[in-house]
Amino acid sequence: MSILSLDKLTKNFGGLMAVDHVSFDVNEGEIFGLIGPNGSGKTTIFNLINHYYTATDGKIIFKGQDITNKKTFEIARLGIGRTFQVVKPLRRLSVEENVMAAAFARESTFAGARKVASEMIDFCNLTNVSNMKAGGLPIGGRKRLEIARALATRPSLILLDETAAGLNPSELDEAIDIIKGIRDKLGITIIIVEHIMKVIMNISDRIHAIAFGATITEGPPAEVAKHPTVIEAYLGSDYKMEGQNYA
Amino acid sequence: MLKVNNIDMSYGDLQVLWDVSFEVKKGEIVVLVGANGAGKSSILKTISGLQKISKGSIELEGENIANVHPSEIIKRGIVHVPEGRRLFNEMTVEENLIMGSLYGEAKQKRNETIEECYTLFPRLKERRKQLAGTLSGGEQQMVAVARGLMSHPKVLMLDEPSLGLAPVLVQDIFSIIKSINKQGITILLVEQNVQSTLTFCDRAYVLENGRIVLEGTGQELLKNEHVKTAFLGI
Amino acid sequence: MKFTKILIGLIAVGLMFSLNSCGKKETGPIKIGVLLPLTGHQANFGTMEKNSYELAKEEINAKGGINGRKLEFVYEDDTGKPDVGRSAAEKLINVDKVPMIAGGYSSSVTFAAAAVAQQYRTPFLVNTGSVDKITQPEDFNLTVNDGDKFYIYRMNPPVSEYASGLESLLSEVVKPKSVYIIHENTAFGTKGAKSFAKTAKKLGIEVLGQQQYSAGTVDFKPLLLNAKKANPDMVYMISYVMDAALLMKQAREINFTTPKLYVGAGAGFTMPAFKENAGKASDHVVSATLWHQTLPIKGAKEYYDNYVKKYGGDGPDYHGAEAYSAAYVVADVLTRCKGDYSKETIKKALDNTDMMTVFGPVKFVSYGKKIHQNKMKTYVVQWINGELKLVWPKNLANAKFEYPIDWKKVWAE
Amino acid sequence: MELFLQTLIGGLLIGGLYAIIGIGMTLIMGVLGIINLAHGQIMMVGMYLAWLFWMAFGLDPYLSLFLAVPLVFLLGIFLSKYLLYPLIEKDSILPENQVLMTVGIGMVLVELARFIFSSDYRSVKTSYSDKTIMLGNISLSWPLVIAFVIAILLTLGLFWLLIKTDLGRSIRATAQDRDAATLMGISSKRITILTYGIGSGLVGAAGILLLPIYYLFPDVGPIFTVKAFVITILGGLGSPIGAIAGGIVLGIAETFGATYISMGYRDAVGLVIFLLVLVFLPGGLKQIFKI
Amino acid sequence: MEDKNKKSPFVTKVELGIIAFAIILPFIFDSSPYFQGLLIFVLMWVILGTSWNLLAGYTGLVSFGHAAYFGIGAYAAALPYYHFHISPWWGLLTGGIVAVILGYLLGIVVFRLRGPYFALGTLASAEILRLIFGEEEWLTNGHNGILYMTTWVSKYPYYFIALILALGAIFSVKFVMRTKAGYYFLSIREDEDAAQALGINTKKYKNISTVISTFWAGMAGAFYMIYMGFIDPEVVFALHNISIITILVGIIGGVGTIWGPAVGAVVMVLVQELFRSSIFGLAPSWVSGMHAFVFGLLVIFVILYMAGGILGDWDLIKKKLKFSRKVETSK
């Protein structure tokens, strides 16, 4: 069953088509990968889903409800959590406080928020640094904090934006475990944007590839990886594309 | 020409480069390839002095230039054409070019160099009085490259010049890079457009998570399966 | 632990201050508090008044002081802010334990400090603060019959009477039909404008317009043009010295030659700096004033000369004379206390004050809503050929009132 | 009609002076990204210097532009180098700590002036101080006209600097993209410090131009600080052309406000325009002119 | 600091000590109403500084126009008295509420602005109010101000009212900072975008912070009227003497700390008064001219070397002091 559908979603930045009639459906309980070269519009799609940008055209349906013009915080309340590509820790707050601030979205009591926070901190292996100021965390920790925070809002869908970028191999494995756990243990649907193909190809159930804001293809990872246009988009090509206008 | 020895670099408390070493010989085109966040741009930033290294050294023609102020680096002959072009949008094309030649010899030869750039990029001559922010992406990239050339660099560092350009323009940019190299300028290129760049570069290094994992000539790496894995995860 | 230490320390400090105040010496100087703006943007006048107090003090002490004891003034800086003025007054009363306060420059600070003095039943001799309500008991929750409970005394006239000398000049000589009022937007300016409008009504002069301006105005021409358009017989201005000069200069620049008279309401228009800055435009301008060194009052000229000798500069204007005279009133009052320098005795002595100063006769009387108010004449001066001459009242005048005035000729290059 | 024209021209002339005050602020805002709440106080310093030269050597205020303005420039360099620039690298909860630093600087400058010169009003009286020119029925104060002309010359000079010299281009480049400018070999530190110096010099010059027609005391500054930021927001951050337009618009709006509404609300007119612009035209006039 | 995981009591022992101390304090200076008066000023600045700190230090909305709320609070107490002889004491009820209403109305305009624009917007609003209250004489008696003969000579009642208000302000901030709203304020300060993504209705919580902050600023204003007995627009809407000094009180004590503004208020009033009175007459009189100068230098020093303020950088200061006293044993 589809939890989120984009219907011909379009964003135009002063003439530049950043997102060009993109449509896809994400099923409940799946890990949905969104790939595309730098600047192809992945993060813009995230920003449209939780309404940092207002869509020029098209619709976003979440659990059967049109959320295209809902406010950012309302969308978060409805159950869409997200992480940021450029991490946005609340720097002067401790890790625990960061996560608690998020947990208050569903918990009104202090104790409740603290409990949710400690669960999520534990889930993201941050327990030993939970009293540290978020600004002092290393990158791996910050990335996990982003996830913990998003999870603490108790979402039913989470948008992960380049959660693995900049991590070293051991951190990377840890991140993959956590991401898998989000779906397997917490039962949360995931849309993931990732450049490290090792990650995205391994964990995604389905992948949607875009370039220049428009859809190239969608399908299981192995299929998408073999798709000539995808390879070309990623690795560049020595031949001119025919019949496609990228201007 | 340019030698990077065992450098570590961190943004505040987060380390992004781990023991990176590589070399660019005179007259070469060397490419750094790798996924987003692998540390390619960070390497260029350390060389151009925008970021300080915590370990290792960077040598230009035998002289250590690590942690030298960026304004000094450009005078020593290394120029960095940054990712996303970073033009001065509220200045004209010609003013942007002038900004590339603020010091020393480059300043004296400014007018000649501008003419040379216009021969290289005739499009820019037509638009010399136009504000850079109003140009198309391809034209902006031309300005960025030309602005880099204005300083008469020994080494030209380009950070993803093909980013956001249509394939036709990508090929144009690459052929321009080749012709600049033929004029005797050493080139250090960062690219995601692996297929094309590996075909024309002399040598390349593959980065993963802030470390160099592979090196070799372009042709060698093109055949290497690891490259594909690194990018496509297959 | 730490707290007990701090606590003990503070108690010690507290005791020190209370002890300090216990050490009264019966033969030492008599200390009287003086509240003035010595820093902040009114500091130039505050300093002029302080200098005058000091000048008077030296003269008084040289002549033997107060019943054999020296007179000393304790100055507190009110910085021109009412809240600071309030705590400064409290400090004078509570820390310095002065039995009497003098001074008070700006209206708002004086008012706030007067409330403190009244509450502590400490006589306060105001010498400059000029809003009317300072000597109106009703503003202090008292009535005019509560003279024995009211501790505020004022030597200078209230702002509503600044122009009283002018009234007779206008009604007897100039007889203008209309007036245009320009004033700065301070308490002094607005009150002054209001009371002059009342005066005008009384004299049957029509007020054609009333405009105010705020500090920092460079270009007065739009305002003056509005006035010119109204075509008044007379222009009445309440401004400090630099704005006064700008107003006259610019009136000349726009050829505003139609009024019979340009009148300044004291303050800026009598100062030498006004003449210097306005140049030719200052000539024949008339100003109401409270005092001028050429007045035929004993000691006025001497005071002026001594001041200039000692402190140099342009010399004092009426502010300085007020302060200088206030110091003499203080000395007179204290002398009449005959050794009992308690607040109540001083108050009684103030009630009975009747003396002559360089500022004119001083006697505190009741009239209208006011009590403890010194009622005095004000004067009219005129700039004639670069010199400020006393032209009204006629019997005191040292020059003939130049009138009528042909501004075109006066202002010609 | 006469009233209207006089108001218009009066506003225009004052606006010319406001413009250089505003350009100084806009440069500082563009490059340093801060509101300089010491702007008027620095202007006060310039005025005192000119006054001092006039008192000591009888130097004409217009000539002391050449002497006092460089000194004010150096003062600006000193302030930015030792007090403002070091804050760029400091982490603080309040991103506005540089702004607050300018408050501290302003307080210290005013009190120093008061200590040295006392609170007395000072003025410079020149032979031309009260000369006027008549254009029909419109009277123009000669010093205001001179000030306007010099303001135009200064503005032209500044434009020449900004457009034709490498230094000026470096300033614009730094304002537009600090990192990219660094890559061009520009020391952003040097430019930042210089810009504050130039901004200070400009507002100092404005003060000196005002001197023959106005007066001087330690607290003369704050009113002009307020005007400066109104102009800057009006014109759009970092836009010298915007600042000129903003200055003239403010000058005219103020005098019209004074003529046709009430003199007391003269300052309020500027502030209301300012709030309207802040809310409805956040880019300022720059958005309209595109420069 | 104590163990973070154990929730510390709402009122700590140290705070109880401070409160007890504050209660005894006026009695120590029983013989000197002047000192008691200074203490009352300190408390007034504590209220104002704490109010500003909630908005700026905890919520990241750096107001440069707190005089607007202070002034409106003062006039809320003064105007009914001026027009209808209703006691200004009612201002302790209405002052805060009127300020909250004004805060909400101004919020509609200024919350559209961010960063330096917000600062300028708030500054301009306070200035406009100052001009209006000076100009509309029929309503406010203009620049003549409003005078009210204060109720008591004794400082004690005023001191304790001010103390109650100050503690009310401090502990209301402390309380709210220990609730969900407090977490939200901090989130908004640290990163408004991230806060929205966490489901925080940033606009609503900015308004909540404004309500609490403006309430106390209004109460401080009303108290000022009742205690001082005299206000005029130039005094209570002052850009420098109120708005800016409020900020300086905050940064000197420590932005974003509960007790910081209290420390700042003590330092500010002490420095001002020490110098204004030439260190109680011990120093030559020219020293008294230096109070604003010294305060300016102090501001420069604090910003340059103690960005967190006295309380915010307390650990750092302690360490420095220790080092100079004795060589610390290595950790």
Given Cα pairs under 8 Å that are at least 6 residues apart, what percent is the relative contact order of chain B? 28 percent
A 20 angstrom limit on the alpha carbon distance is what I want to check against. Which of C:LYS228/C:LYS409; C:LYS194/C:LYS260; C:LYS228/C:LYS377; B:LYS25/B:LYS182; B:LYS45/D:LYS81; C:LYS177/C:LYS221 exceed it? C:LYS194/C:LYS260; C:LYS228/C:LYS377; B:LYS45/D:LYS81; C:LYS177/C:LYS221
HN-Hα J in Hz across the stretch A:183-198 - Karplus 6.51, -1.76, 1.60, θ = phi - 60°, x for Gly and Pro: 7, 6, 8, 9, x, 9, 6, 10, 10, 10, 10, 7, 8, 6, 5, 3
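Please work out the ratio of the alpha-carbon Rg of the stretch A:1-125 to 2.2 N^0.38 Å and round it to two decimals. The partial results should precede the final answer.
Details: Rg = 16.4 Å, N = 125, 2.2 N^0.38 = 13.8 Å.
After normalising by residue count via 2.2 N^0.38 Å, the value is 1.19.
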Out of all DSSP beta bridges in chain A, what portion is antiparallel? Express it as a percent rounded to 5. 55 percent
Dipole of the stretch B:36-112 [Lys/Arg +1, Asp/Glu -1 at C-beta], most positive-end residue of B:GLY104, B:SER54, B:ASN67: B:SER54
For C:THR27 paired with C:ILE384, estimate the spin-label separation in nm (one decimal), with each label point 7 Å from Cα along the Cα-to-Cβ line. 5.7 nm
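Under the 0.36 nm per residue contour assumption, what length would be gained going from the current alpha-carbon distance of C:LYS338 and C:LYS301 to full extension?
Working: separation 37, 0.36 × 37 = 13.32 nm, distance 3.09 nm.
Full extension from C:LYS338 to C:LYS301 adds 10.2 nm.
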Which whole-Hz couplings ³J(HN,Hα) result when phi for each residue of the stretch D:144-157 is put into the Karplus expression 6.51 cos²θ - 1.76 cosθ + 1.60, θ = phi - 60°, listed in order with x for Gly and Pro? 5, 5, 4, 4, 5, 5, 5, 4, 5, 4, 4, 4, 4, x
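At 0.36 nm per residue, minus the direct Cα-Cα distance, what do D:SER127 and D:LEU12 gain on full extension? Give it in nm, one decimal, please. Mind dumping the intermediate values first?
Numbers: separation 115, 0.36 × 115 = 41.40 nm, distance 2.40 nm.
Here the answer is 39.0 nm.
Based on alpha-carbon atoms only, what is the radius of gyration of chain C relative to the globular estimate 2.2 N^0.38 Å? Could you put the intermediate results ahead of the total?
Values: Rg = 22.8 Å, N = 413, 2.2 N^0.38 = 21.7 Å.
Normalised Cα radius of gyration, chain C: 1.05.
Relative to the Cα centre, what is the charge dipole magnitude of the protein assembly as shown, using +1 at the beta carbon of each Lys and Arg, -1 at the beta carbon of each Asp and Glu, and rounding to the nearest 20 debye?
Values: 146 positive and 130 negative charges, 476 e Å.
Value, rounded to 20: 2280 debye.
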Take C:ASN141, project a point 7 Å from its Cα along the Cβ direction, then tell me which residues of the stretch E:132-165 have their backbone nitrogen under 12 Å from it. E:148-154
Hey, any idea what the orientation-averaged projected area of the convex hull of the protein assembly as shown's Cα atoms comes to, in nm²? 58.4 nm²
Quick calc: nm separation of the 7 Å Cα→Cβ label points for C:LYS177 and E:ALA283 -> 6.4 nm
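So, R0 is 51 Å and r is the distance between the beta-carbons of E:ASN207 and A:ASN27; what FRET efficiency does that work out to, to 0.05? Before the final figure, lay out each step's value.
Values: r = 39 Å, r/R0 = 0.77.
The value I calculate is 0.80.
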Indicate the gyration tensor shape class of the stretch E:1-133 (rounded, prolate or oblate), computed on the Cα atoms with a ≥ b ≥ c the square roots of the eigenvalues: a/c under 1.5 is rounded; otherwise a/b larger than b/c is prolate and the rest oblate. oblate
With each label point set 7 Å from Cα along the Cα-Cβ vector, what nm distance links E:MET149 and B:GLN130? 8.1 nm
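Using 1/(1 + (r/R0)^6) with R0 = 60 angstrom and r between the beta carbons of D:PHE57 and B:LYS182, what's the FRET efficiency to the nearest 0.05? Please report the intermediate quantities before stating the final value.
On the way: r = 66 Å, r/R0 = 1.09.
Given R0 = 60 Å and the Cβ-Cβ separation, E is 0.35.
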Calculate how many DSSP beta bridges within the protein assembly as shown are antiparallel, expressed in % of all such bridges and rounded to the nearest 5. 50 percent
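Could you grab the Rg to Rh ratio for the stretch E:32-259? Cα atoms only, Kirkwood for Rh. Before the final figure, lay out each step's value.
Working: Rg = 17.0 Å, Rh = 17.4 Å.
That ratio equals 0.98.
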If the label point sits 7 Å along Cα→Cβ of B:LYS3, residues of the stretch B:155-177 with amide N under 18 Å come out as B:155
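From the C-alpha coordinates alone, can you work out the Kirkwood hydrodynamic radius of chain B, in Å?
Values: mean 1/r = 0.0557 Å⁻¹.
Mean inverse Cα-Cα distance, inverted, gives 17.9 Å.
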In whole percent, the Cα-Cα distances of the stretch A:44-95 spread across 10 Å bins from 0 upward as 23, 48, 21, 7
Go through A:32-41, D:63-72 and give me the packing order, highest mean Cβ count within 10 Å leading. A:32-41, D:63-72
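Can you sort D:SER200, C:SER160, A:SER2 so the residue with the fewest Cβ neighbours within 10 Å comes first? Walk me through the intermediate numbers first.
Working: D:SER200 31, C:SER160 19, A:SER2 15.
Ordered from fewest to most neighbouring Cβ atoms within 10 Å, D:SER200, C:SER160, A:SER2 come out as A:SER2, C:SER160, D:SER200.
Work out, in µm²/s and without decimals, the Stokes-Einstein translational diffusion coefficient of the stretch B:10-128 at 25 °C, 0.890 mPa s, Rh from Kirkwood over C-alpha pairs.
Values: Rh = 16.5 Å.
Here the translational diffusion coefficient equals 149 µm²/s.
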Nearest-0.05 FRET efficiency for A:LYS63 and A:LYS180 at R0 = 30 Å, using Cβ-Cβ distance, is 0.80
Unit Cα scatterers, Debye sum, chain D: log10 I(q)/I(0) for q = 0.08, 0.17 Å⁻¹: -0.33, -1.48
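Only the coordinates and a few stated rules stand behind these numbers; no lab work does. The structure presented is a predicted model; accordingly, all values stated were derived computationally and were not measured. A quick note on method: Cβ atoms are made from the backbone with ideal geometry, for glycine too, and the neighbour counts reach across all protein chains shown.
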